[in-house]
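Undergrad: To start, I am sharing the structure in question, which I have written as structure tokens.
The values are calculated or read from the model by the stated rules, or taken from the named source; none is laboratory data. What you see is a predicted model, and the numbers here were worked out from it, not measured in a lab. Don't worry about glycine lacking a Cβ; one is built from the backbone with ideal geometry, like all the others, and counts go over all protein chains shown.
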Amino acid sequence: MLAPNKAGAATQPRGKAQPDDAPKDDLATRMAQAYHVGTFSERAQAGLGNPSRQQAVELIRTTKVAKRRAAIAALGDFDGLRTHARQRKDHALAILPTLLTRFEQKFVAQGGHVHWAETGHEACTIIEGICREVDAKKVVKSKSMITEEIDLNAHLEQAGIFPLETDLGEYIIQLRKEKPSHIIAPSLHVRKAQVAELFHQHHTDLPPDRSLESYDALLQESRAQLRQGFLEADLGITGANMLIAETGHAVVVTNEGNADLSMTLPRTHIIVTSIDKVVESMTDATAILRLLARSATGQPISAYTTFVAPRGEGANRSHGDLPTAVHLVLVDGGRSAIYNSAFREVLRCIRCGACMNHCPIYHSIGGHAYGWVYPGPIGAVLTPLLAGLGEFYDLPHASSFCGRCVEVCPMDIPLTDLMRQHRVTAFRQKLVRSRHLIRGWGWLARRAQVFHTVHRLVGKCAHTAVGRVLAGRLAKDWCVHRTLPMPHAKPFMTLLAHSGWQPSVAGTSPAPDTDGSSASSPERGAGA
Amino acid sequence: MPLGVTLAGHHAQMKVQASCLHLCCFWLVCRSQATGAGAEKGAEGGVLVFVLVFVAGCRKIFSVKIGFFVTCLMNSMRPSAAFASMRLIEHCLDAGETLVVPSVQTCCGQVSFNSGDPAGAYATALQQAQAFSACDLVIVPSGSCGGMIQKHYPTLDPGEEPQEERSAEQSKAGHEASPLQVLAGKTVELCQFLVQRHFDPNSFDAEASSLLAMPAARAAAHEVAPHSHDRASMPWRVALHQSCSSLRETQSAQDAIALLDRAATVTQVPVEGSDECCGFGGTFCVKYPDISASMLHRKCETLTQPTDGKVPDMIVSADLGCLLNIATGLRHQGINRPCYHIAEVLAGTWRHSPAIGEDAPMTSRAKHKGARNVGTK
């Protein structure tokens, strides 16, 4: 049990953790390989050139944004609630080691088992061990981002255990042997017809000529398939959206109820979650819940919000349909390093997905282009921290810093500032290719005389034949989708200096705001 | 008055000291007048001269300096918008205020800041703070540069010295605001300024401005024969592109809407997804041209979308970066929709100058060249 030492370790200042300090076990590297094919620009190109994916994302762009806006408007004081939730989560993070220990005590006192895992691999081994202990061959899983992060499914499959994803989106992704492209809508990029084809391929025991054209038909079929899985499963694995230190509850939020079946039907229940999920009290949890569903899907509250606690073993569990053992696997997975770095604020994230729903870059390239578990702005901040900035250099750089993600983030995470922080690290580590240009511009901007001379020369040269060709070459990337705007032959500063315009005190001639004719005093005009 | 002249370049704090000195001098002179030549007949005339000199001195000392930060992009790409901005600012000056354009201003430092070079950004910012140290108010005709100054300047630090030294230095400095904080506090975006001054576009006559009389201002109209934009009936239907920084950093997007609402020459048309980025993002559009272009296509679509069966006549924004992106993107797609900076529209000078990107003489050549280069990459 790592509990107290682990918690203690988190408090020790380790200095500013460089993102590369984040523990990267073999699994993380393997995962990174599994996720991304080629470079970021190749993946982005693939996303840009995929019309069906573009269509799907268009749906997010239009519907999810509008739904969230309506839900936030109906809430009234969104900003107040956001500030409150942020404060409570900041408080929880400030006393994180204490809260984790308190949670563990409560959870264990109710008959649960808590396992601490420093790395993803360790977590997978623990979960595999529990499965072996209860001789579980079939496992049902409800959607959980941390299990994606630690690549639990691949690990279990290697160990001969068969995990079945029971969230409809995740189920589709599992059948397609793909990775999620959105954290709350994992199969966002898959169209209805593709799902029908997929079901025809995999559900071979059903009549092949059945119609799967309607959403309802797809829903009914997947439901029947999954129900069988639930009944046969030996063990259920769920994530947790929050852990409540005050009561020892884990909060699980879904819209399909699959998490509830996963945690009640099998004999053993494993909750896998990360150490940053703990909040102090039930009130704090409910404050965050009020933000979560509204930000994610525009619902006032998700269809199923379950507070789960072990409630004792043996005698107390008189109902035959409840699990006999509840395990909780707390994964660090590089979060202690984040906790001790300048990026601590990212740990406030509640994984609602609002940032990616509103991100124009995400809308353009889709989730898979991000190359790892977390897409969108949160991925651009989190992925370099968890999987290395060198490999994911492009994520924090491919942002226009429009700030829409920061505007909608229910936990008020300064995502653009954190991305900029990554850029600073990359610049220091000499990863930025154009850093000499940037330095040069900075040098120029500190020398006004040189700066304006250069501007003057550029204006002059741009209108010569050589200048035009050169400009076309230099700005070739710009010119692929745009025409090239030419600088004016003379910059404003030169024109102004030559104009003979002189600053003069307003009001020396008739008041300017009466008819505007005042400012044209003859002296200044003559100076031209 | 030499006293006033020498002190005009100093900080506001100095002005108070100067005015005290000024008052003392005046009092001494008056005394000598009264005791010495008091009995003479010409004394009244002498006093009158001194009173006049006193008033003029006060004017110099207490005159408020309004700085215009032209921004590097507007300086080289769109001088006509800068002149239009100056006209608007001059029009809105209160008595005693002076518009100044310090020639030592350069760039706001956003390029360095967003590229991960905070030390470079700090040094650049310091240069601007020094350039505008004499100004009581600084007006920026761009949400993006304005946002950089307002929002990010106070957070900048030299970045190289260790944390302990810096904190020690800070405690030594006490509560005194840094030059960057001072500049941030006195900077406003152009639209914000105009709204604060209750600017009425309908009572504004650009022809009457001191600047229009100058040949240089005419040269800023790109030395191209004035285009006739009167082909459509008034008022012009205008689609306003709100830049991300004006929405989220300077919070001046509403001011731009309010100003256009006041102008009788234009009517605004609603733009769907008006809070979405156009894909410019400074160096972003060059680093990731394809992603940027995909965003730009969406923006172009929404900006040219017809409302009530009519397409907007022109596209206006308070940010030149976005406008260059949108204008050249539209032209590349073969859509002829004039784009103007909001200052040009409010000042009415847009009628005399070609639209943004319209003067690019090398359009088609660059396009083919660029496309070929990238294709073979």
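Undergrad: For region A:433-457, what are the residues that are surrounded by fewer than 15 Cβ atoms within 10 Å (Cβ to Cβ), in a helix (DSSP H, G or I) and either within 7 Å of another protein chain (Cβ to nearest Cβ) or not small (Gly, Ala, Ser) (or both)?
TA: A:436, A:437, A:449, A:450, A:453, A:454, A:457, listed by residue number.
Undergrad: Quick one: is residue A:485 at the interface with another protein chain (Cβ under 7 Å from one of its Cβ atoms), modelled with pLDDT of 85 or more, farther than 30 Å from residue B:333 by Cβ and not in a helix (DSSP H, G or I)?
TA: No: the conditions fail for residue A:485.
Undergrad: Just checking: which of the helices (runs of 4 or more DSSP H) contained wholly in region B:106-159 hold 2 or more residues that are in the same structural domain as residue B:85 (by TED's automatic domain parsing) and either among the hydroxyl-bearing types (Ser, Thr, Tyr) or more than 18 Å from the chain's Cα centre (by Cα) (or both)? Talk me through it step by step, then tell me what you get.
TA: Values: elements: B:110-114, B:118-131, B:143-147.
The qualifying helices (runs of 4 or more DSSP H) are B:110-114, B:118-131.
Undergrad: Pairs please, first residue from region B:314-340 and more than 10 Å from every other protein chain (Cβ to nearest Cβ) and surrounded by 24 or more Cβ atoms within 10 Å (Cβ to Cβ), second anywhere and of a type in the set (Phe, Trp, Tyr) and assigned to a helix (DSSP H, G or I), Cβ atoms under 8 Å, 6+ apart in sequence or on different chains.
TA: If the second residue must be of a type in the set (Phe, Trp, Tyr) and assigned to a helix (DSSP H, G or I), the pairs left are B:340/B:350.
Undergrad: Consider region A:397-432. How many of its residues are among the charged types (D, E, K, R), at the interface with chain B (Cβ under 9 Å from one of its Cβ atoms) and without any contact (Cβ under 8 Å) to a residue 12 or more places away in the chain?
TA: Our first condition is that a residue be among the charged types (D, E, K, R); within region A:397-432, this holds for A:404, A:407, A:412, A:417, A:420, A:423, A:428, A:430.
Of the ones still in play, those that are also at the interface with chain B (Cβ under 9 Å from one of its Cβ atoms) are A:404, A:407, A:417, A:420, A:423, A:428.
Imposing the further condition that a residue be without any contact (Cβ under 8 Å) to a residue 12 or more places away in the chain reduces the set to A:417, A:428.
The total comes to 2.
Undergrad: Filter the helices (runs of 4 or more DSSP H) completely within region B:253-329 down to those with at least 1 residues that are more than 30 Å from residue A:473 (Cβ to Cβ), of a type in the set (Gly, Ala, Ser) and outside the structural domain of residue B:147 (by TED's automatic domain parsing).
TA: Counting at least 1 such residues, we get B:253-262.
Undergrad: Identify, please: which residue in region A:155-182 is of a type outside the set (Phe, Trp, Tyr) and part of a strand (DSSP E or B) and is, among those, surrounded by the fewest Cβ atoms within 10 Å (Cβ to Cβ)?
TA: A:164
Undergrad: Follow-up. If you check A:236, A:257, which single one turns out to be touching a Pro at 6+ places or on another chain (Cβ under 8 Å), in the same structural domain as residue A:156 (by TED's automatic domain parsing), in contact (Cβ under 8 Å) with a residue 24 or more places away in the chain and of a type outside the set (Lys, Arg)?
TA: Result: A:236 is the single residue among A:236, A:257 that is touching a Pro at 6+ places or on another chain (Cβ under 8 Å), in the same structural domain as residue A:156 (by TED's automatic domain parsing), in contact (Cβ under 8 Å) with a residue 24 or more places away in the chain and of a type outside the set (Lys, Arg).
Undergrad: Considering each residue of region B:237-276, count those that are away from chain A (no Cβ under 14 Å) and basic (Lys, Arg), and give that number.
TA: Result for region B:237-276: 2.
Undergrad: Could you tell me whether region A:185-204 includes any residue that is closer than 29 Å to residue A:117 by Cβ, hydrophobic (A, V, I, L, M, F, W, C) and surrounded by fewer than 19 Cβ atoms within 10 Å (Cβ to Cβ)?
TA: Our first condition is that a residue be closer than 29 Å to residue A:117 by Cβ; within region A:185-204, this holds for A:185-187.
With hydrophobic (A, V, I, L, M, F, W, C) added as a condition, the list becomes A:185.
Remaining after also requiring surrounded by fewer than 19 Cβ atoms within 10 Å (Cβ to Cβ): none.
Taking every residue of region A:185-204 in turn, none turns out to be closer than 29 Å to residue A:117 by Cβ, hydrophobic (A, V, I, L, M, F, W, C) and surrounded by fewer than 19 Cβ atoms within 10 Å (Cβ to Cβ).
Undergrad: Run down A:472, A:467 and say which single residue is crowded, with 18+ Cβ neighbours inside 10 Å, of a type outside the set (A, V, I, L, M), facing another protein chain (nearest Cβ under 7 Å) and assigned to a helix (DSSP H, G or I).
TA: A:472
Undergrad: For residue A:135, work out the one condition from (1) under 19 Å from residue A:221 (Cα atoms); (2) outside any helix (DSSP H, G or I) it doesn't fulfil.
TA: Here residue A:135 clears every test but (1).
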